[in-house]
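The values are calculated or read from the model by the stated rules, or taken from the named source; none is laboratory data. Everything numeric in this text was worked out from a predicted model, so none of it was measured. Side chains are part of the model used for accessible areas, which takes the heavy atoms of the whole protein and leaves out ligands, DNA and RNA. Shrake-Rupley method; radii C 1.70, N 1.55, O 1.52, S 1.80 Å.
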Amino acid sequence: MDAQITPLLERIGARERELATTAEQLRTQIDELTARLRELNEEMESLAVTRKTLLALPPAPHHQPYLPQAGA
């Protein structure tokens, strides 16, 4: 092989390995962020259901506070 080409091919190979490592790290981060996003979305859905349920409840009857009778 040409003496001028070999160093270039080595640099290209090194850069490809570098990029592959970075890409794999990014894929891992994306997977982690996707899982976290899914968890947050599920929690938001749960809160929305809770809010909807609470808003659908009829108003609580108004009760007078219990006051013990004098002398009792």
With respect to Gln4, determine if the residue is open to solvent by 100 Å² or more (accessible area, probe 1.4 Å), within 27 Å of the chain's Cα centre (by Cα) and among the polar types (S, T, N, Q). no
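Looking only at the range 50-72, which residues are part of a helix (DSSP H, G or I) and open to solvent by 90 Å² or more (accessible area, probe 1.4 Å)? Before you say what the answer is, go through the steps one by one.
Residues of the range 50-72 that are part of a helix (DSSP H, G or I), as a first pass: 50-56.
Selection gives Arg51, Lys52, Leu54, Leu55.
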